[in-house]
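Peer 1: Please find one structure pasted underneath; my questions will follow.
The values are calculated or read from the model by the stated rules, or taken from the named source; none is laboratory data. Predicted model, so just to flag it, every value in this text is computed and none were measured. All Cβ positions, even for glycine, are placed from backbone atoms using ideal geometry, and neighbour counts span all protein chains on display.
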Amino acid sequence: MSVVVHQVARPHGAPSPEQFAYLEIPTPVPAAGQALVENVYLSVDPYMREAMDSDGLGVPMEGRSIGRVVASAAPGLDVGDLVFHRQGWRSHALVTPAEVRVLPAVPGVPLTAYLGVLGGTGLSAYVGLTRIARVQPGETVFVSAAAGAVGGTVGQFARQLGADRVIGSTGSPAKAKHLVTNLGFDAAIDYSAGELSAQLAAAAPDGIDVYFDNVGGDHLAAAIDALRDHGRIAWCGAVAQYNALTPPAAPRNLFDIVGKQLRLEGFLVRDYRHLQGELEEFAVPRLRDGRIMTDETVVDGITNLVDAFLSMLHGGNTGKMIVRV
Ligand code: NAP
């Protein structure tokens, strides 16, 4: 038997467990041209909250997954191959060769890195820094949700790209300490501890050059306050507003973008998949020699998938939230 996890109802505000159902179904059998993959790791991501408002009900949530081929009627896919695919919330998946990437075994690179630093997480960080903000050596970079998957990677990549000062914000003192102690940030802000603009001004007395926004709302306003003239904002996400029932107000200081001649640019990582090879050239040697670390929270068991997803939305993760099937 195999397990699939369906969304069965729409959320109104924050999602909750009763909007999902775990079902046992017979393990599918590959037809000609297909392979059966037994999933090993599943990714849970903030975009899935937005998908809950629009994707189909009664089907597994789409998502990034890593699994092992256990039966194959597909040329080029052999039993034992480890593959990346996007069939999401299920223990087993039928795939065709065109739908998967066979993952290389690289010494020193854990398999989970292909859901984190070498996956959509790492590509988002890399694109935001190199193509959107175009960070330069010597600059000061601020990133929000910094103890999460993308944010922690942004901090580490920014340092490797020559940033002089890297500042992160997160929601607890323990996570703030983690940023500085383990991920090499120069300073960390606990947004639950007080007004953001004042905390950011204290952490970056000379201002910031780049803001990598994962949160939106008051974080964006605080960053606009702190940005120097001609600073850049790479807008990746707005996790503070995904559960909002009414559209959030624009930042109070939005017009300062004109006065400071700032550039604010949003991006979707899916338009930059052609940079995957460049990301790996950048990140793999650094992962292998320890200049970059994988940071992840691994939850065991597909029956804890929904809890892991909901927990991640509320900051229950440090680094990439991953479920080990
Ligand atoms: P993540 O940061 O690992 O997990 C979400 C984090 O958001 C939580 O750990 C929590 O950390 C923080 N958070 C939750 N509610 C918050 C609030 N009200 N205010 C401030 N922080 C809050 O997730 P991720 O996968 O790395 O994604 C980060 C952001 O990037 C998300 O906005 C996501 O949608 C976006 N993203 C965009 C793209 C793209 O193509 N544009 C691609 C990937 C991700 P704390 O404990 O610090 O609160």
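Peer 1: Can you find, within the stretch 64-93, the residue that is nearest to MET1 (Cα to Cα) among those that are crowded, with 21+ Cβ neighbours inside 10 Å and of a type in the set (A, V, I, L, M)?
Peer 2: Among them, the one singled out is ALA93.
Peer 1: Could you please find all residues in the stretch 130-144 being crowded, with 23+ Cβ neighbours inside 10 Å and either under 25 Å from PHE84 (Cα atoms) or of a type outside the set (A, V, I, L, M, F, W, C) (or both)?
Peer 2: Once the filter is applied, which keeps residues that are crowded, with 23+ Cβ neighbours inside 10 Å and either under 25 Å from PHE84 (Cα atoms) or of a type outside the set (A, V, I, L, M, F, W, C) (or both), the stretch 130-144 yields THR140, SER144.
Peer 1: Now, a different point. Which residues, counting only those in the stretch 172-186, are surrounded by 19 or more Cβ atoms within 10 Å (Cβ to Cβ) and not charged (D, E, K, R)?
Peer 2: Passing the criteria: ALA176, HIS178, LEU179, LEU183, PHE185.
Peer 1: Within the stretch 106-145, track down each residue that is touching a residue at least 60 places away in the same chain (Cβ under 8 Å), assigned to a loop (DSSP other than H, G, I, E, B) and away from the ligand (no atom under 15 Å from the Cβ).
Peer 2: VAL106, PRO107, GLY108, VAL109, PRO110, ARG134, VAL135, GLN136, GLU139
Peer 1: For TYR191, work out the one condition from (1) crowded, with 18+ Cβ neighbours inside 10 Å; (2) under 28 Å from LEU287 (Cα atoms) it doesn't fulfil.
Peer 2: Here TYR191 meets the rest and fails (2).
Peer 1: Let me ask something additional. Restricted to the stretch 163-184, and to residues that are over 21 Å from ALA221 (Cβ atoms) and touching a residue at least 60 places away in the same chain (Cβ under 8 Å), which residue is farthest from the ligand (Cβ to nearest atom)?
Peer 2: My answer is ASN182.
Peer 1: Scan the stretch 278-324 residue by residue and report those that are touching a Leu at 6+ places or on another chain (Cβ under 6 Å), more than 11 Å from the ligand (Cβ to nearest atom) and closer than 30 Å to MET1 by Cβ.
Peer 2: If the condition is that a residue be touching a Leu at 6+ places or on another chain (Cβ under 6 Å), more than 11 Å from the ligand (Cβ to nearest atom) and closer than 30 Å to MET1 by Cβ, then VAL323 is the only one that fits.
Peer 1: Exactly one of (1) more than 19 Å from the chain's Cα centre (by Cα); (2) closer than 20 Å to GLY316 by Cβ; (3) not polar (S, T, N, Q) is unmet by GLY152. Its number?
Peer 2: Of (1) more than 19 Å from the chain's Cα centre (by Cα); (2) closer than 20 Å to GLY316 by Cβ; (3) not polar (S, T, N, Q), only one is false for GLY152: (1).
Peer 1: Determine, yes or no, whether LEU103 is in contact (Cβ under 8 Å) with a residue 12 or more places away in the chain, within 16 Å of the ligand (Cβ to nearest atom), over 21 Å from GLY315 (Cα atoms) and of a type outside the set (Phe, Trp, Tyr).
Peer 2: No; evaluated as a whole, the condition is false for this residue.
Peer 1: Of all residues being within 11 Å of the ligand (Cβ to nearest atom) and of a type in the set (S, T, N, Q) in the stretch 241-277, which is nearest to MET52 (Cα to Cα)? Just the residue, please.
Peer 2: Checking each candidate, the answer is ASN243.
Peer 1: Take residues that are over 23 Å from the mean Cα position of the chain (by Cα) and at pLDDT 95 or above and tell me which of the helices (runs of 4 or more DSSP H) falling wholly in the stretch 162-281 contain 2 or more.
Peer 2: 196-203, 217-226, 256-259
Peer 1: Does any residue of the stretch 145-161 turn out to be among the hydrophobic types (A, V, I, L, M, F, W, C), assigned by TED's automatic domain parsing to the domain that holds ALA234 and surrounded by fewer than 24 Cβ atoms within 10 Å (Cβ to Cβ)?
Peer 2: Yes.
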